[in-house]
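Structure record follows, encoded as structure tokens.
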Amino acid sequence: MRARAPYLAALLFVTSAAMAADSHTISASFSCDGGKKIQAVFITGSQPSVQLSLSDGRQIELPQATSASGARYANRDESFVFWNKGRTAFIEEAGKSTYTGCMQSQ
């Protein structure tokens with residue numbers, strides 16, 4: 001097993017580097033109703049996701065989920081969902097819209 005450890009570590013490093021090289025980020029800011037704001041960093045690649053910074057101080061990372069139209073990101077139980085289509089976005093939490101009327105501001 002010791003002889004394999006350096007090989008496995010090198011393989012993991014190369015695989016991680018290849019995945020990172022395959023990913024790109026796109027940043028966008030959204031201004032929403034009620035003065036709320038969303039800063040989104042979209043991560044493309046083999047496992048697309050979004051990193052959100054919300055004006056209430058929360059930071060959330062969500063994997064991309066299936067969507068018929070636009071881009072949809074959701075946690076495992078779908079209690080938190082971020083939707084983005086064109087220059088618009090909104091957030092639903094526990095089935096209620098919490099960030100609405102969001103328009104891209106950058």
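The values are calculated or read from the model by the stated rules, or taken from the named source; none is laboratory data. Given the structure is predicted, the values throughout are model-derived calculations rather than measurements. A quick note on method: Cβ atoms are made from the backbone with ideal geometry, for glycine too, and the neighbour counts reach across all protein chains shown.
At-a-glance table
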| quantity | calculated |
| --- | --- |
| Residue list for the range 60-88, restricted to those being of a type in the set (Val, Ile, Thr) and part of a loop (DSSP other than H, G, I, E, B) | Thr66 |
| Residues located in the range 44-59, provided they are surrounded by fewer than 17 Cβ atoms within 10 Å (Cβ to Cβ) and β-branched (Val, Ile, Thr) | Thr44 |
| In the range 66-87, the residues that are farther than 18 Å from Ser53 by Cβ and either surrounded by 14 or more Cβ atoms within 10 Å (Cβ to Cβ) or touching a residue at least 12 places away in the same chain (Cβ under 8 Å) (or both) | Ser67, Ser69, Gly70, Arg72, Glu78, Ser79, Lys85, Gly86, Arg87 |
| Residue check, Ser46 in a helix (DSSP H, G or I), of a type in the set (Gly, Ala, Ser) and modelled with pLDDT under 95 | no |
| Selection from the range 88-106 of residues that are of a type in the set (D, E, K, R) and surrounded by 15 or more Cβ atoms within 10 Å (Cβ to Cβ) | Glu92 |
